[in-house]
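Below is one structure, written out as structure tokens; comments come after it.
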Amino acid sequence: MARPKSDQDPQQNVVFRMAPAEIAELDRFAEKMGLTRSQLIRNLVVVGMEETLLFEKFGMVRAAITVRDICSWMSGKVSQKLSDD
């Protein structure tokens, strides 16, 4: 059922692409939580933004990005090592 439009709560569409496996995972989580795909995505984005703003407030955004990049690099190295063996 579509939400009634309201001048009090203007919303805009945001469009992006995801892999079919990622969408399937979203749908699985959404169904488990009793949400629509859109509701789940909106919740995930809002929570992610709140966390990012908190990191920014304490000057930790760059540190968090660096840690994420290091973890990704290390994961790639482990995967490469496992495939080489």
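Structure summary
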{"item": "10 Å Cβ shell holding at most 12 others, DSSP loop, trypsin sites (Lys or Arg not before Pro): longest site-free stretch of the chain", "result": "18-85"}
{"item": "Of 58, 16, 29, the one that fluctuates the most in a GNM where the chain has Cα springs shorter than 10 Å", "result": "16"}
{"item": "Rounded, prolate or oblate (a/c below 1.5 giving rounded, otherwise prolate when a/b exceeds b/c) for the range 37-85 by Cα gyration tensor", "result": "oblate"}
{"item": "Over the chain: helical MRE at 222 nm, DSSP H runs n ≥ 4 each giving -39500 (n - 2.57), nearest 500", "result": "-24000 deg cm²/dmol"}
{"item": "Cβ-placed point charges (K, R +1; D, E -1), dipole of the chain about Cα centre in debye, nearest 20", "result": "80"}
{"item": "At 1.306 mPa s and 10 °C, Stokes diffusion of the chain via Kirkwood alpha-carbon radius, µm² per second", "result": "96"}
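Every read-out reported here was derived from the displayed coordinates using simple, explicitly stated rules and does not represent laboratory data. Predicted model only: the values in this text are computed from it and were never measured. No Cβ is skipped: glycine too gets one built from the backbone with ideal geometry, and neighbour counts run over all protein chains shown.
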